[in-house]
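The values are calculated or read from the model by the stated rules, or taken from the named source; none is laboratory data. The structure displayed is predicted, hence computed values, not measured ones. Using ideal geometry, Cβ is built from the backbone for each residue, glycine included, and neighbour counts are taken over all protein chains shown.
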């Protein structure tokens, strides 16, 4: 999207009656500095964990195409950080500079997610994973400590097991982190394949979507999130061989398009159908950088499937309810003679339509969700889930179109700048791009207020009313909650 009528970010912010909260910015870790500090904070294992994925990405990108094709190994991300705009690159690396430019960007407060640290919850070695996540979180706190009134870093939480996650959560809370990115789509060996060939099982794992069919019960993690005031966020990767698609050996763009949305949909769908949002109705889950288009579709699809596959509706497709005699009469009128002959022979003695093929676990795929009517589904989806939207995505408007969504609702969007990454060539252009939705008449000023202020406030502080204490937006946040009391 272009920058609309030419208003700069500061001018747009000056015309707003509310702050702008960036719910998903990114900082760029300076390798030599963070590795040195992580060694001091967590030892060699912490540093090795941090370096793991960087090395893997470099090795993959530089492989000959023929080798990647032979391995069916997806082309990794390359040239993903700003360089020509050196000031923006420095801004993402240096909190002092970022703080000094926030007013230029029209941003009052920003939550900053990792760049290199995004992969830490997936480090394969347990000792390196635990050490690197813990040290990374401690480093993030000290790195941004002087600017806590305008900036706050997100920690990283490994989710290999519930115990590991709870331990990391408690440490994150202890050192002062207020938000965190949780691991998801955990890679696990297929048990049957592991028995046959452990090396092959390691190369071709299945993905644990956490909320459904997991070998672990993650409810203690969700409960601890409530206890400590964390709203879990996911910034999941959905590309590569293990995903089956988005697995081009030669084309990073092919792999990158849609992968955040696909990964988010998998986890969101699992949390809902696995009953997590039913069991923890006050917990908020955020899915970042995938936009809201997939969420609108998932919301509509869940409702459509509920209408047609809830227990009461299954009677329409119960094989026992087919009238074979009537079916045979239709065949005699409309089908060929050999068709009728075969049907007439089979129906009396062995009617195939009466063979009850049904899952052993029962017929109700919504059994964990606590649904008695469609409004229960609507309430869970529209109160539990928040969707991170980048400023230049025109599909953001769909989430606000209550007349386009079933039951006349809108979905919860979170404004995310994504500063620090290749898709933001000019940090000062982010807010103007987001505001273009208002200028073009696609959303209202009230919608924009929800996008950049009200929804982030609810997501971040409804479970932790002290989240914004001492920040530049504390007064506005307090006014917001008082108005809703």
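Remarks
- So residue 140, is it in contact with a strand residue (DSSP E or B) (Cβ under 6 Å, 6 or more places away or on another chain) and not in a loop (DSSP other than H, G, I, E, B): yes
- Filter result (assigned to a helix (DSSP H, G or I) and modelled with pLDDT under 95) within the stretch 453-485: 484
- Matching residues, the stretch 377-419, being in contact with a helix residue (DSSP H, G or I) (Cβ under 7 Å, 6 or more places away or on another chain), modelled with pLDDT of 95 or more, part of a loop (DSSP other than H, G, I, E, B) and under 17 Å from residue 109 (Cα atoms): 417, 419
- Test: residue in the stretch 28-35 that is assigned to a loop (DSSP other than H, G, I, E, B), modelled with pLDDT of 95 or more and farther than 24 Å from residue 433 by Cα: yes
- Qualifying residue in the stretch 284-298 (condition: at pLDDT 95 or above, part of a helix (DSSP H, G or I) and within 12 Å of residue 367 (Cα to Cα)): no
- Annotation note: Cβ proximity below 8 Å between a residue of the stretch 452-469 that is without any contact (Cβ under 8 Å) to a residue 24 or more places away in the chain and a residue that is in a helix (DSSP H, G or I) and surrounded by fewer than 21 Cβ atoms within 10 Å (Cβ to Cβ) (sequence gap 6+ or interchain) occurs for 461/481; 465/481.
- Against the conditions (1) under 16 Å from residue 109 (Cα atoms); (2) more than 18 Å from the chain's Cα centre (by Cα); (3) assigned to a loop (DSSP other than H, G, I, E, B), residue 441 satisfies every one except (1).
- Among (1) part of a helix (DSSP H, G or I); (2) closer than 30 Å to residue 67 by Cα - the single one residue 315 does not satisfy: (2)
- Condition check for residue 212: within 28 Å of residue 112 (Cβ to Cβ) and assigned by TED's automatic domain parsing to the domain that holds residue 165: no
- Residue within the stretch 77-89 that is within 30 Å of residue 448 (Cα to Cα), touching a strand residue (DSSP E or B) at 6+ places or on another chain (Cβ under 9 Å), assigned by TED's automatic domain parsing to the domain that holds residue 479 and modelled with pLDDT of 95 or more present: no
- From the options 298, 288, 328, residue that is closer than 30 Å to residue 383 by Cα and in contact with a helix residue (DSSP H, G or I) (Cβ under 6 Å, 6 or more places away or on another chain): 298
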